[in-house]
Amino acid sequence: MEKILEVKDLKVSFQTYGGTVQAVRGVSFDLHKGETLAIVGESGSGKSVTSQTLMKLIPMPPGQITGGEILFYGDDIVPKSEKEMENIRGKDISMIFQDPMTSLNPTMKVGNQIIEGLIKHQGLSKADAKKRAIKLLELVGIPMPDKRVNQYPHEFSGGMRQRAMIAIALATNPKLLIADEPTTALDVTIQAQILELMKELQAKMDTSIIFITHDLGVVANVADRVAVMYAGQIVEIGTVDEIFYDPKHPYTWGLLASMPSVDNDTKDELAAIPGTPPDLTNPPIGDAFAARNKYALAIDYEEEPPMFQISETHFAKTWLLHPDAPHVEPPAAVKLRQRQMSSNFDKPVIVKEGI
Amino acid sequence: MTKYIGKRLLYMIISLWLIVTATFFLMRIAPGNPFASEKKLPPEIEANLQAHYGLDQPWYQQYFDYLINVVTWDFGPSFKYKSQTVNDLITEGFPVSFVLGFQAILIAVAFGVLFGVIAALRQNKWQDYSTMAVAVLGISVPSFIMATFLQYFLAIKLQIFPVARWESFMHTILPAIALAAGPMAYIARLTRSSMIEVLANDYIKTAKAKGLSGGVITVKHAMRNALLPVVTYLGPLTAGVLTGSFVIEKIFGIPGLGFHFVTSITNRDYTVIMGVTVFYSILLLLAILLVDIAYGIIDPRIKLAGKKGE
């Protein structure tokens, strides 16, 4: 499979009155054609900043890319100028935002919001672009598209608006679609419809998707691979099966244990991860998760763990994988569904540089 | 829509009636009369004058006569300018005031919005600080002081513009600037804060994610939404320009309606005061109606009552 995106050791920080916040601290991952990568993590873990940096949508200043590379088809995006970015945004990379109620311009007809990108990137005439907009609305499952195209966002329901957002994002057949919590603001039945629609369109258009979410249920539904982010770093990344059935990082254990599940018939209370994420103005020494981690080792407070490779696709950043580490049992909820992965290496291997 | 405008027009008539009634009685309560002057008139002549203008009638008779005249758009004769009716004064003075007021509103809106947008786009940079400093100055300096400053520096010292009078386009510039300065400063501040708010909205990020350029985003996405409060302000602005022009017309010796209005008050020229008041009220009420209709056009979320269903 063709690799379309390669992020190498990306670092992003924000200048604030309280000091420099290191929102993203060395993130590396890659993405193949037609693949869906989910990035999960709690609020403030840097997942949204990472995804918006891919399009250079973070406000600069105060934001700043302090290091790393974003190779899109081998071409580094980081040094590109704002003018060059305009030809990538909305054409090769598109984005869907969290809240469809506020992501559409309230005083502009939905159709006009769709055709803007078409006129800019594909040089269509207004009439042709409008015809295409009607087709797109039909494609995303909006009934009576020729009437809807002339309506304003306030005449659409929440789910319809998110469909319209998807139409805007997919108008120019982008190679990469970044969906930043696209279903968080929707109710559950609409969520399912939107996810279904995204999968369907992805299959049709062969678009790669980066799916930002904190909902593990959604992840299981859409993702091929999952990256777990904590305190501005990817702490574990692997295929969806590896993350759900053979997680290695205590933070991933915590996330999975705190997920309500139908087949989880233990009478126990739903587990929660105690504490709060660290202050990224002064990131802690060692493992950022150590203070909240009941499995933390002494070394976690002194030295940052390296990335260990568990299989061809599975990586985790925890000292627990070190040969000298004591053996620990994951929480019951995780252990219950744990499976032996046949693709695992005999022993975890330390990787020097990211992935 | 038609139903809505009809309803609004009905309310306007009621407001006008209240305004006419209030001015009529307030003026009767005020001491003095149009024929009181240093040289006392012989009683016979005064009685004759009173009879000529109908001032000897009981107050309710005068009131109803006046109401009927207003409905037929006849504001009666001026008490002071012989052989001139109030209608004459309005047809003569209003075009002048209209040109002045229109220019002032144009300047205020055009430059106010421009400065506001620049300040918002360069928030917390020198462009922002300098335009806002000028805006504070514009709001704090009253128009009559601004007028005399402009006259002194631009007309007398630099001799770019004529000092006063109303003869050519050059004559219109200084009074229009003096009249526009305050509202312009206010609009600049209004636009700035509203733009900053709009630029932080999610749909601006959506527009940026589409690959649109900064200019297109500012004009097509941000400004239309940011200008809503400015449109709202156009109603009170019209009132401000109207009342402001009383002073400015006096200072620049412009033969507009405001000039006549001020003179008529010192002359206690009852019919002119009332006629002009009613005329100004109609203008103001129309301006507010137009603003409300414009609002409904700019922001599709606002439905004018009676447009659909309601």
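The values are calculated or read from the model by the stated rules, or taken from the named source; none is laboratory data. Bear in mind the structure is a predicted one, so any value in this text is a computation, not a measurement. Positions of Cβ are generated from backbone atoms using ideal geometry, with glycine treated the same way; all protein chains shown enter the neighbour counts. Each accessible area value is taken on the protein alone, full model and side chains, heavy atoms only, with ligands, DNA and RNA left out. Shrake-Rupley method; radii C 1.70, N 1.55, O 1.52, S 1.80 Å.
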Completion exercise
The number of residues in region A:111-129 that are away from every other protein chain (no Cβ under 11 Å), surrounded by 21 or more Cβ atoms within 10 Å (Cβ to Cβ) and hydrophobic (A, V, I, L, M, F, W, C) is 1
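Take B:Pro77 and tell me if it is within 21 Å of B:Thr266 (Cα to Cα) and at pLDDT 80 or above.
Considered against the rule, which asks whether it is within 21 Å of B:Thr266 (Cα to Cα) and at pLDDT 80 or above, B:Pro77 comes out as yes.
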Problem - Residue satisfying condition, being open to solvent by less than 10 Å² (accessible area, probe 1.4 Å) and on the phi > 0 side of the Ramachandran plot, within set A:Ala179, A:Ala231 - result: A:Ala231
Practice task
Might you check whether a residue that is in contact with an Asp or Glu (Cβ under 6 Å, 6 or more places away or on another chain), of a type in the set (A, V, I, L, M, F, W, C) and assigned to a strand (DSSP E or B) occurs anywhere in region A:95-114?
Solution key: no
Practice task
Could you tell me whether region B:38-60 includes any residue that is assigned to a helix (DSSP H, G or I), closer than 24 Å to B:Ile282 by Cβ, modelled with pLDDT of 75 or more and hydrophobic (A, V, I, L, M, F, W, C)?
Solution key: no
Handout entry: Enumeration of residues in region A:293-324 that are surrounded by fewer than 16 Cβ atoms within 10 Å (Cβ to Cβ) and over 22 Å from A:Val226 (Cα atoms)
Key = A:Lys294, A:Ala298, A:Tyr301, A:Glu302, A:Glu303, A:His322, A:Pro323, A:Asp324
Exercise for the section: Would you check which residues across region B:150-163 are loosely packed, with under 15 Cβ neighbours inside 10 Å and either in contact (Cβ under 8 Å) with a residue 60 or more places away in the chain or in a helix (DSSP H, G or I) (or both) and list them? Expected result: B:Tyr152, B:Phe153, B:Ile156, B:Lys157
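Rundown of residues vs (1) of a type in the set (Phe, Trp, Tyr); (2) under 30 Å from B:Phe25 (Cβ atoms), yes/no style:
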| residue | (1), (2) |
| --- | --- |
| B:Thr218 | no, no |
| B:Thr232 | no, no |
| B:Gly253 | no, no |
| B:Thr266 | no, yes |
| B:Val276 | no, yes |
| B:Tyr280 | yes, yes |
Handout entry: Verdict on A:Met160 being at pLDDT below 85 and out of contact with any Pro (no Cβ under 7 Å at 6 or more places or on another chain)
Key = no
Completion exercise
Log entry, pairs with first residue in region A:145-159 being farther than 14 Å from A:Gln193 by Cβ, second being exposed (fewer than 14 other Cβ atoms within 10 Å of the Cβ), beta carbons closer than 7 Å, six or more apart or on different chains, reads A:His154/B:Arg301
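Residues are listed down the side, and each one gets a yes or a no for (1) open to solvent by 50 Å² or more (accessible area, probe 1.4 Å); (2) within 14 Å of chain A (Cβ to nearest Cβ):
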residue: B:Val134; (1), (2): yes, no
residue: B:Gly138; (1), (2): no, no
residue: B:Ala147; (1), (2): no, no
residue: B:Ala178; (1), (2): no, no
residue: B:Gly182; (1), (2): no, no
residue: B:Lys205; (1), (2): yes, yes
residue: B:His221; (1), (2): no, yes
residue: B:Asn225; (1), (2): no, yes
Practice task
Could you grab me the full set of residues in region B:249-278 that are more than 12 Å from the chain's Cα centre (by Cα) and of a type in the set (A, V, I, L, M, F, W, C)?
Solution key: B:Ile251, B:Phe252, B:Ile254, B:Phe259, B:Phe261, B:Val262, B:Ile265, B:Val272, B:Ile273, B:Met274, B:Val276, B:Val278
Problem - Scan of region A:1-52 for residues that are more than 15 Å from the chain's Cα centre (by Cα), among the hydroxyl-bearing types (Ser, Thr, Tyr) and either farther than 15 Å from A:Gln233 by Cβ or assigned to a helix (DSSP H, G or I) (or both), ordered by number - result: A:Thr16, A:Tyr17, A:Thr20
Completion exercise
Within region A:152-205, restricting to residues that are within 18 Å of the chain's Cα centre (by Cα) and among the charged types (D, E, K, R), the one that is farthest from A:Leu57 (Cα to Cα) is A:Glu196
Practice task
Mind listing whichever residues of region A:65-91 are facing another protein chain (nearest Cβ under 9 Å) and open to solvent by less than 40 Å² (accessible area, probe 1.4 Å)?
Solution key: A:Met85, A:Glu86, A:Ile88, A:Arg89, A:Gly90
Practice task
Tell me, yes or no, whether region A:235-249 has at least one residue that is closer than 19 Å to A:Thr213 by Cα, in a loop (DSSP other than H, G, I, E, B) and among the β-branched types (Val, Ile, Thr).
Solution key: no
Completion exercise
Exactly one of A:Pro153, A:Pro145, A:Pro62, A:Pro106 is farther than 27 Å from A:Lys33 by Cβ and at the interface with another protein chain (Cβ under 8 Å from one of its Cβ atoms), and that residue is A:Pro106
